[in-house]
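Here's the structure we're looking at; comments come further down.
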Amino acid sequence: MKTSLKSAVALMFALPSLALASTWEVDSAHSAAGFSVRHMMVSNVKGSFGDVKGAVNLDDKDVTKSTVEATIDVTSINTGNAKRDEHLKAPDFFDVAKYPTITFKSTKVAKAGQGKLKVTGDLTMHGVTKAVVLDVVGPSKEAKDPWGNTRTGVAATTKLNRKDFGLAYNQALETGGVAVGEEVTVNLELELVKKAAADAAAAKPAPAPAPATEKATATDKK
């Protein structure tokens, strides 16, 4: 009886905080992770990963308490050239047979001006995890789609040195320099769909039951 009462009280205090949080899922069909890198020291080659999944737990009262997690399927890489894409999937670069995904998990969210955030997190790519900072614009104003779903959007950018993640392949040029630049500019365009409160609650693990008191245990034995 006491255990049930404690659980009910705990739930009543938890409800207000749940009401201030919302869960948003990345709509893979309308999102992409783009990148560009210097080629032959003279131009920038662009590409993207078309399969991006993830979720944002948005604290509507204090955005700095929000969290972000995302996963990119590296096999979805597309630079507009099939031969180059196959080389990027090979051991010289991403080695998708061993490392098929890129993941990001936020560790800190900070305000950076009106409608802007700096999201720090752990980026794992090619088996290496490094802290990175995303410059984020958004979330945008919410909108309803024709099917009744609530949507919002965010854009994020950052710069990485690919050698920090073990992507060190290169070729020297006769005229000096290298074939592929080390600095990679990353651009994320994400469309998010709000999950229904019931779905979001169901996705969260249930809290462990409170331990029974010695007195209650003794009574049960009788």
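Since every read-out is calculated from the coordinates, none of them should be taken as a lab result. The shown structure was predicted, so the numbers you read here are calculated from the model rather than taken from an experiment. Glycine gets a Cβ as well: all are built from the backbone with ideal geometry, and neighbour counts include every protein chain shown.
Between K98 and K53, the C-beta separation translates, for a Förster distance of 35 Å, into a calculated FRET efficiency of about 0.95.
Measuring between alpha carbons in the structure, the pairs from K46/K83; K65/K105; K83/K163 lying more than 20 angstrom apart are K83/K163.
In plain terms, the chain from N187 to A110 could stretch by 25.8 nm, reckoned as 0.36 nm per residue minus the Cα-Cα distance. Between R84 and N149, the contour length at 0.36 nm per residue exceeds the Cα-Cα span by 19.6 nm.
Beta carbons within 10 angstrom, averaged per residue: use that to sort the peptides 112-118, 95-101, highest first.
Per-residue Cβ counts within 10 Å, averaged per peptide and sorted highest first, yield 95-101, 112-118.
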